[in-house]
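Written out below as structure tokens is the structure these notes cover.
The values are calculated or read from the model by the stated rules, or taken from the named source; none is laboratory data. Since the model is a prediction, treat every value here as computed from it, not as a measurement. No Cβ is skipped: glycine too gets one built from the backbone with ideal geometry, and neighbour counts run over all protein chains shown.
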Amino acid sequence: MNDKLSQMIAEKGFVLADGATGTNLFNLGLQAGDPPEFWNVDEPDKIRALYQGSVDAGSDLFLTNSFGSNSSRLRLHKSESRAYELSKAAATLGREIADKSKRQILVAGSIGPTGEIMGDAGWLSHRDAVDMFQETAQGLIDGGADVLWVETISSPEEYNAAAEGISKVGAPWVGTMSFDTAGRTMMGTTSKDMVNLVKDMAYGPLAFGANCGVGASDLLRTVLGLSENADRPIVAKGNAGIPKYVDGHIHYDGTPEVMATYALLARACGASIIGGCCGTMPVHLKAMRKALDGNPCGEKPTLKQISLALGNFSSNSDGTGDEPRPERVRRGKRK
Amino acid sequence: MSDEQDIILADLSDEELTLQMHDDLYDGMKEEIAESVNILLGRGWMPYDILTKALVEGMRIVGIDFRDGILFVPEVLLAANAMKGGMFILKPLLAETGAPRLGNMLIGTVKGDIHDIGKNLVTMMMEGAGFEVKDLGINNPVENYLQELENGEYDILGMSALLTTTMPYMKVVIDTMIEKGMRDDYVVMVGGAPLNEEFSKAIGADAYCRDAAVAVETAKEFMAKKHNQMVI
């Protein structure tokens with residue numbers, strides 16, 4: 001509990017995190033296909049502006065521009081050797097912006113997935129993944145991050161590898177998964193699975209939860225599931241609605257009002273770290289800040305109340321109900 | 001048969017063996033699939049019959065359960081890998097025997113986008129369904145698609161994008177196809193996490209495919225329509 005984020009949650013009750021990184025950077029002129037992490041070195045003022053946008057909108061914490069800053073992702077841009085450098089630069093700029101603020105602002109070092117598949121069906125080994133995560137983690141900590149923030153993970157194998165990589169750096173961390181396939185991650189992990197996964201970890205996160213995924217309703221259903229048996233703070237970082245194609249570019253249809261409603265419901269569902277993901281701009285964060293500060297924590301909503309407020313779920317079940325997982329009758333299992 | 005027991009594949013009747021192969025595909029058992037393919041070949045089965053009745057049918061079941069949220073990516077990857085074990089044996093034989101093809105597909109992730117897990121799944125499932133697929137890989141400018149379409153004989157173009165910032169590029173490809181007067185020669189299917197039906201219509205694609213299983217179903221429907229038109 002002596003890390004800064006746990007202290008902040010204890011003091012304030014809830015923490016407002018930040019919004020989108022990609023969406024905001026594209027508004028600052030990033031071209032599709034260019035790795036945003038290069039800007040930590042090539043366009044530092046734009047990254048400062050990105051961070052400052054969250055701070056000015058009222059965030060208590062923002063994530064660094066280092067989501068793809070691991071050697072596996074950077075290899076696709078022929079820059080696999082720059083993982084440490086770009087991670088450190090992301091955090092250094094973050095530290096600078098946070099320290100300038102009169103309020104206490106935490107710098108959370110973003111660590112995204114490797115983009116490779118692990119486990120029986122994949123080809124990335126545990127050891128290689130651990131090394132990659134350690135390298136990124138070390139860069140972020142050396143740049144001045146207060147806490148590390150693993151996000152958009154789909155498989156328990158990768159979540160474990162990230163934990164192990166971070167453990168070698170010895171930093172406090174938060175880890176969220178993306179539940180985008182009928183309430184599960186694309187690898188089939190349910191919210192209940194995640195609670196159990198985190199519970200048994202040797203070097204567990206100080207907070208866990210969900211980010212990205214489909215819509216705000218689905219994300220809150222996951223948060224409800226997590227909150228049933230959670231033994232630590234929960235993160236909710238949902239997208240600002242659904243992406244739509246308008247006049248040649250992509251626009252997320254969630255309004256600031258919708259995101260304010262989402263933020264209040266997220267807190268009522270049991271989340272104590274609340275933010276946005278894709279499509280969430282400073283204007284949304286401002287509305288969320290105002291709503292959270294101006295209202296008491298509501299009672300835990302029902303699924304029906306969530307769908308009435310934020311729209312329908314993408315699937316009837318998220319795999320956590322009492323109904324047994326449907327199984328196909330076969331001639332006989334061999335395993 | 002629910003007890004765990006050793007199954008002697010060679011002792012099974014043709015019908016039982018085919019059903020066992022469906023199960024073994026479902027469980028991702030590559031060696032067993034290869035063994036069964038060889039047994040059926042030894043019994044005088046035509047390669048095309050083994051492909052359609054055993055492998056494609058087995059993958060169809062995998063696809064249904066993937067679509068319905070019973071199987072997830074890891075299981076599908078293992079099943080596709082087992083299918084490959086069978087295809088490795090069958091492919092040269094299919095070419096020799098002049099077996100009919102379901103259709104040809106060109107697939108690739110669009111320019112600016114380096115994500116390929118979903119695209120690879122579609123490729124595997126399409127091959128599992130009996131399609132011939134050429135994979136252009138990631139980060140493809142419009143020229144890559146057009147050059148390959150012009151040089152090959154394709155029925156279907158598949159485009160994938162994971163990023164909201166790269167999905168608009170699909171429209172660039174489609175618009176260029178229209179300019180060149182070749183748009184109507186192909187079925188254009190699009191997919192990727194941030195896409196939806198509305199987007200696919202807005203950019204002028206023929207179909208949005210939510211996942212790899214839906215891609216296979218959609219491709220089959222279009223090919224059936226195409227064949228019907230040819231008969232008329």
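If you go through region A:160-183 and pick out every residue that is of a type outside the set (Phe, Trp, Tyr) and within 14 Å of chain B (Cβ to nearest Cβ), you end up with 6. Here A:ASP56 clears all of (1) under 30 Å from B:VAL172 (Cα atoms); (2) more than 20 Å from the chain's Cα centre (by Cα) except the condition numbered (1).
Filter region B:175-199 for residues that are small (Gly, Ala, Ser) and modelled with pLDDT under 95; which is nearest to A:ILE242 (Cα to Cα)? Only one residue fits best here, namely B:ALA193.
Mind listing whichever residues of region B:107-126 are within 15 Å of the chain's Cα centre (by Cα), surrounded by fewer than 23 Cβ atoms within 10 Å (Cβ to Cβ) and not in a helix (DSSP H, G or I)? Selection gives B:ASP116 alone. Against the definition (of a type outside the set (Lys, Arg), more than 9 Å from chain A (Cβ to nearest Cβ) and not in a helix (DSSP H, G or I)), how does B:PRO100 come out, yes or no? Taking the combined requirement at face value, the residue satisfies it. Only a single item in (1) touching an Asp or Glu at 6+ places or on another chain (Cβ under 9 Å); (2) under 30 Å from B:ASP27 (Cα atoms) is not met by B:PRO100, and it is number (1). Scanning region A:13-46 for residues that are more than 12 Å from chain B (Cβ to nearest Cβ), among the charged types (D, E, K, R) and surrounded by fewer than 23 Cβ atoms within 10 Å (Cβ to Cβ) yields a total of 4.
Just to verify a result, which residue in region B:204-230, among those that are more than 11 Å from B:VAL187 (Cα to Cα) and among the aliphatic types (A, V, I, L, M), is farthest from the chain's Cα centre (by Cα)? Only one residue fits best here, namely B:MET230.
Going through (1) among the hydrophobic types (A, V, I, L, M, F, W, C); (2) outside any helix (DSSP H, G or I); (3) at pLDDT 95 or above one by one, B:LEU146 falls short only on (2). For region A:294-323, the set of residues classified as in contact (Cβ under 8 Å) with a residue 60 or more places away in the chain, of a type in the set (D, E, K, R) and more than 14 Å from chain B (Cβ to nearest Cβ) consists of A:LYS300 only. Output yes when any residue across region B:170-179 is out of contact with any helix residue (DSSP H, G or I) (no Cβ under 7 Å at 6 or more places or on another chain), over 23 Å from B:VAL62 (Cα atoms) and away from chain A (no Cβ under 14 Å), and no when none is. Yes.
So that you can scan it fast, the table gives a plain yes or no per residue for (1) touching a helix residue (DSSP H, G or I) at 6+ places or on another chain (Cβ under 9 Å); (2) assigned to a helix (DSSP H, G or I); (3) closer than 30 Å to A:ASN196 by Cα:
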residue	(1), (2), (3)
A:ALA49	yes, yes, no
A:VAL55	yes, yes, no
A:PHE67	yes, no, yes
A:ARG73	yes, yes, yes
A:ALA98	yes, yes, no
A:VAL107	yes, no, yes
A:MET118	yes, no, yes
A:TRP123	no, no, yes
A:PHE133	yes, yes, yes
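Sort out which residues of region B:20-79 are assigned to a helix (DSSP H, G or I), within 14 Å of chain A (Cβ to nearest Cβ) and charged (D, E, K, R), and write them in order of number.
The answer is B:ASP23, B:ASP24, B:LYS30, B:GLU31, B:GLU32, B:GLU35, B:GLU57, B:ARG60, B:ASP65, B:ARG67, B:GLU75.
The criterion of at least 1 residues that are among the aromatic types (Phe, Trp, Tyr) is met by the following strands (runs of 3 or more DSSP E) wholly inside region A:143-252: A:147-153, A:173-177, A:207-212, A:243-246, A:249-252.
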